[in-house]
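Quick notes on the structure that follows.
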Protein chains: 2
Amino acid sequence: MEAAPNPDAYDLLFAALAHPARRRILISLNFAGGTMSAGQIAELFGHAWPTTTRHLQAMEAAGLLRHERVGRTRLYHLDTSKLALGRGWLDWFERDPVHGGPRRSNDLERENHDPGAVSIEHRGRRS
Amino acid sequence: MEAAPNPDAYDLLFAALAHPARRRILISLNFAGGTMSAGQIAELFGHAWPTTTRHLQAMEAAGLLRHERVGRTRLYHLDTSKLALGRGWLDWFERDPVHGGPRRSNDLERENHDPGAVSIEHRGRRS
DNA sequence: GACTCATTTAGCATGTACGCTAAATGTTGA
DNA sequence: TCAACATTTAGCGTACATGCTAAATGAGTC
């Protein structure tokens with residue numbers, strides 16, 4: 001691969017959400033009030049602990065979790081702000097962006113510059 | 001692997017959104033009014049056509065696109081209903097999952113009635 | 001200090017994702 | 001019918017994801 005040498009926040013976010021174990025961790029954390037120890041989380045699954053540890057790291061990299069050491073346990077805290085980023089992205093599709101309502105300048109994509117970096121020239125043809 | 005022999009709708013959806021090229025395709029389609037030919041889409045990228053074709057297939061598998069043949073071109077149509085699925089999932093984190101109000105509480109051990117299919121039973125001891 | 005508990009790090013195996021090029025498919029138009 | 005066009009399918013290589021087990025770390029306990 002070489003398409004994403006620098007995965008952006010959206011890459012990390014949606015990739016984090018793409019795995020059922022990770023979604024389940026988030027849901028469970030949410031249910032638990034936002035905080036669980038690594039052990040409690042690991043017990044949710046049949047997976048080996050290191051497997052869950054890595055899921056946790058992936059989500060921490062995506063900014064969905066933070067952790068804190070308390071004695072010999074580690075507490076993981078849910079951080080929902082990044083989820084809002086995902087919601088913001090999805091909201092782009094709630095209306096017709098061209099003929100419909102005004103375009104809010106949400107952040108959206110921004111891989112390089114704007115939403116899709118669209119340059120639609122209808123009737124395109126390549127040589 | 002064996003964790004996802006049958007990727008569910010959320011897996012497919014979020015995985016589809018995890019790649020910048022695919023997000024850009026969706027944005028572009030939305031921007032263009034919901035429909036573009038495969039060629040127009042392919043021209044958005046420096047990628048080879050087959051690469052884009054496969055992105056399109058991934059999104060079609062996720063239910064985000066449909067296509068239609070018109071003469072020798074193929075028109076891809078945006079289907080935003082599956083995006084609503086993602087929004088619905090994210091909405092689980094907007095409120096207190098237990099009491100329905102604003103986030104609070106710190107209890108563990110909660111019932112299961114959500115997309116993540118949580119079944120928290122702590123005190124489990126894996127042998 | 002030695003032992004145990006809680007968790008992570010290291011390292012391995014396998015499958016999938018994603019890029020590519022070459023060939024195939026199906027359509028239109030002469 | 002043949003050539004050009006629009007797009008997909010086939011097949012390849014590499015990198016990354018995800019599972020595992022074994023070893024390492026760090027914190028309390030005796």
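Scan the range A:14-53 for residues that are touching a residue at least 24 places away in the same chain (Cβ under 8 Å) and away from DNA strand D (no atom under 13 Å from the Cβ) and report the count.
Going through the range A:14-53 one residue at a time, the tally reaches 6.
Scan the range A:79-96 for residues that are assigned to a loop (DSSP other than H, G, I, E, B) and surrounded by 13 or more Cβ atoms within 10 Å (Cβ to Cβ) and report the count.
4
Can you tell me which of (1) within 10 Å of chain B (Cβ to nearest Cβ); (2) within 14 Å of DNA strand C (Cβ to nearest atom); (3) of a type outside the set (S, T, N, Q); (4) within 12 Å of the chain's Cα centre (by Cα) is the one A:GLY86 doesn't meet?
(2)
Hey, B:ARG103 hits all of (1) modelled with pLDDT of 95 or more; (2) more than 16 Å from DNA strand C (Cβ to nearest atom); (3) farther than 30 Å from A:PRO7 by Cα; (4) of a type in the set (Lys, Arg) but one; which does it fall short on?
For B:ARG103, the exception is condition (1).
Please enumerate the residues belonging to the range A:42-70 that are within 23 Å of A:ALA9 (Cβ to Cβ) and aliphatic (A, V, I, L, M).
Answer for the range A:42-70, where residues must be within 23 Å of A:ALA9 (Cβ to Cβ) and aliphatic (A, V, I, L, M): A:LEU56, A:ALA58, A:MET59, A:ALA61, A:ALA62, A:LEU64, A:LEU65.
Take A:PHE45 and tell me if it is buried (at least 20 other Cβ atoms within 10 Å of the Cβ), aromatic (Phe, Trp, Tyr) and at negative phi.
no
Looking at A:ARG66, A:ARG22, A:ARG72, which is the one that is among the basic types (Lys, Arg) and buried (at least 20 other Cβ atoms within 10 Å of the Cβ)? Spell out how you get there, then give the answer.
Values: A:ARG66 fails: buried (at least 20 other Cβ atoms within 10 Å of the Cβ); A:ARG72 fails: buried (at least 20 other Cβ atoms within 10 Å of the Cβ).
A:ARG22 is the lone residue from the list that is among the basic types (Lys, Arg) and buried (at least 20 other Cβ atoms within 10 Å of the Cβ).
The values are calculated or read from the model by the stated rules, or taken from the named source; none is laboratory data. None of the values given here were measured: they were computed from a predicted structure. Ideal geometry is used to build each Cβ from the backbone, glycine not excepted, and the neighbour counts take in all protein chains shown.
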